[in-house]
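Shown next, in structure tokens, is the structure this report addresses.
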Amino acid sequence: MQFNLAAVLGDGVGPEVGREGIKVLQAVGKKYGHVFNIQHGPIGGAAIDATSVPLPLDVLKNCKNADAVLLGAVGGPKWDNPLGKVRPEDGLLALRKGLGLFANLRPVKVFPTLIDGSNIKPEIIKGVDLVFVRELTGGLYFGRPKKQWRTPGGRRAVDTMSYSDKEIERIVRVGFELARRRRRKLTSVDKANVLETSRLWRQVATEVSADYKDVELDHMLVDACSMRLIQNPAYFDVIVTENTFGDILTDESSMLAGSMGMLPSASLAGVPQEGVKIPGVYEPIHGSAPKRAGLNMANPIATILSVAMMLRYSLGLPKEAQAIEDAVDKVLEEGYRTYDIMSEGKTKVGTKEMGDLVAERV
Ligand code: IPM
Ligand code: MG
């Protein structure tokens, strides 16, 4: 089969890990007889430097027309001026909003081979297999007003947390649908003891649960959830939550898997379903890690696993997705590690070598 993909690899380590993701994708193409046409475009700081905007219109258009988008990472100290008019991150947010990608899936799986590499005790993280469903186009990230201004008493700033019942309903449904295909347990995370948006969130989640009687729903406050993720992460199956809570909790959860460099993500405009191809953006959850850029150090596994998610959800190629996941397992079993997951007695490799090892085993 033929597929048209867009690659926006961005800044810092983004292009390096992205290259390895594409290498593995091409290995899949070769083995299974698919052709992946990839159109590259700038996003983030790279786009600001080239065009003065973080997501040029033709790049957005290209992403809209593609079967799927592979994204690296955006941001870096060069564009960090708090008084700057545009920020690299705006490009990422515009892409999410522009493609209507309201559902961000972030699976957290503990690899048996890495269980001793985590900062958390092996007996606590053993068997962890959960997935976050993070709302991605609402909440504090997009709410208006959003501004900073001067008052006679000093400077002031405001961000707005806002959600409609429709926005909550569609993301909660994604959570229920995924839970239905897994262990049938959905945890909805909010701060309903303080926030009005959370009180609406909890009401809507409860209402939607009437359509999913086969799934057990529980509500958890976000502070309690952040504690429970460390204390007993195996408790969770699917977690659905709003944008900012999801951002924070998924970084925390990456430590269960040993490193941010291990966690892939898919941003989708609907419920993923077997046999149905939906467009999406696929990216590692880690950032641009500017200190690691250009050093052939960064772990490309999060990106490689994001490519697997792309094959599964947007391209309708589950067998090929599985081949990538198995290849990653194999390379880890053979003892190869990038610096972030390195431990005694293992073989340390760089970004490129890790990509080669996985591609060879596809
Ligand atoms: C993420 C990142 C982004 C976010 C940043 C880069 C804007 O942290 O994807 O988790 O906050 O959503
Ligand atoms: Mg984040």
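Can you list the lysines whose alpha carbon sits under 25 Å from that of Lys126, skipping same-chain ones fewer than 8 residues off?
Within reach: Lys109, Lys185, Lys330, Lys346, Lys348.
In a GNM of the chain with a 10 Å cut-off on Cα contacts, which of Phe36, Phe132, Phe102 has the highest mean-square fluctuation?
Most flexible of the set in this elastic network: Phe36.
Scan around Val240 for amide H atoms under 5 Å from its own, H built in the peptide plane at 1.01 Å from N, and keep only partners 5 or more places away or cross-chain.
Those lying under 5 Å, H to H, from Val240 are Val133, Thr187, Ser188, Val189.
Would you mind finding the longest exposed-site-free stretch of the chain, with exposed trypsin sites (Lys or Arg not before Pro) meaning DSSP loop and at most 10 other Cβ atoms within 10 Å?
Numbers: sites that count: Lys85, Lys213.
Longest site-free region, per DSSP loop and neighbour criteria: 214-362.
Exposure proxy check: Trp79, Trp201 ranked by fewest other beta carbons within 10 Å? Please list the in-between numbers first.
Numbers: Trp79 20, Trp201 29.
Ascending number of Cβ neighbours within 10 Å: Trp79, Trp201.
Which order do Tyr313, Tyr141 fall in if you start with the one that has the fewest other Cβ atoms within 10 Å? Let's see the in-between values first.
Values: Tyr313 25, Tyr141 19.
The most exposed by this proxy come first: Tyr141, Tyr313.
Using the Karplus curve 6.51 cos²θ - 1.76 cosθ + 1.60 with θ = phi - 60°, work out ³J(HN,Hα) for each residue of segment 202-208 in order, rounded to whole Hz, and write x for Gly and Pro.
Residue by residue, segment 202-208 yields 5, 4, 5, 4, 5, 4, 4 Hz.
What residue among Ile120, Ile171, Ile22 has the largest mean-square fluctuation in a Gaussian network model of the chain, using Cα springs under 10 Å?
Maximum fluctuation in the GNM of the chain, among the listed residues, is at Ile120.
Can you give me the long-range amide H partners of Val128? Hydrogens built in the peptide plane at 1.01 Å from N, cutoff under 5 Å, separation of 5 or more residues or another chain.
Long-range HN contacts for Val128: Val110.
Suppose every Lys and Arg Cβ carries +1 and every Asp and Glu Cβ carries -1, with no other charges. What dipole size does segment 294-362 come out with about its Cα centre, to the nearest 20 debye? Could the numbers behind the result be given before it?
On the way: 8 positive and 11 negative charges, 26 e Å.
Charge dipole, segment 294-362, about its Cα centre: 120 debye, nearest 20.
For Ile38 paired with Arg228, estimate the spin-label separation in nm (one decimal), with each label point 7 Å from Cα along the Cα-to-Cβ line.
Using points 7 Å along Cα→Cβ, the separation is 4.0 nm.
Positive end of the dipole of segment 18-112, charges at C-beta (+1 Lys, Arg; -1 Asp, Glu), about the Cα centre: which of Pro56, Gly45, Gly98 has its Cα farthest in that direction?
Gly98
Per 5 Å bin from zero, what fraction in whole % of the C-alpha pairs of segment 55-115 is there, up to the bin with the longest pair?
Reading the bins upward from 0: 4, 13, 20, 19, 14, 13, 9, 7, 2, 0.
I'd like the GluC sites (Glu not before Pro) in segment 309-352 restricted to DSSP loop residues with at most 14 other Cβ atoms within 10 Å, sorted by number. Kindly include the intermediate steps, with their values, before the conclusion.
Numbers: sites: Glu320, Glu325, Glu333, Glu334, Glu344; in loops: Glu334, Glu344.
Of the GluC sites (Glu not before Pro), the ones in loops of segment 309-352 whose Cβ has at most 14 other Cβ atoms within 10 Å are Glu334, Glu344.
222 nm [θ] for the chain, helices only, -39500 (n - 2.57) per DSSP H run of 4+, per residue, to 500? Walk me through the numbers before you get to the answer.
Numbers: 12 runs with 141 residues, N = 362.
Theoretical 222 nm ellipticity from helices: -12000 deg cm²/dmol.
Ordered by residue, what ³J(HN,Hα) values in Hz, to whole numbers, does segment 105-115 give under the Karplus form 6.51 cos²θ - 1.76 cosθ + 1.60, where θ = phi - 60° and Gly and Pro are x?
Listing the rounded values in order: 9, 10, x, 10, 10, 8, 6, x, 5, 10, 4 Hz.
Quick check on segment 229-359: take the gyration tensor over C-alpha atoms, sort the square-rooted eigenvalues as a ≥ b ≥ c, and tell me if it's rounded (a/c under 1.5), prolate or oblate. List each step's numbers first, then the result.
Values: a/c = 1.66, a/b = 1.24, b/c = 1.34.
Verdict is oblate for segment 229-359.
We did not get these values from a lab; they are worked out from the coordinates using the rules stated. The structure presented is a predicted model; accordingly, all values stated were derived computationally and were not measured. Methodologically, a virtual Cβ is constructed for each residue, glycine included, from the backbone with ideal geometry; neighbour enumeration extends over all protein chains shown.
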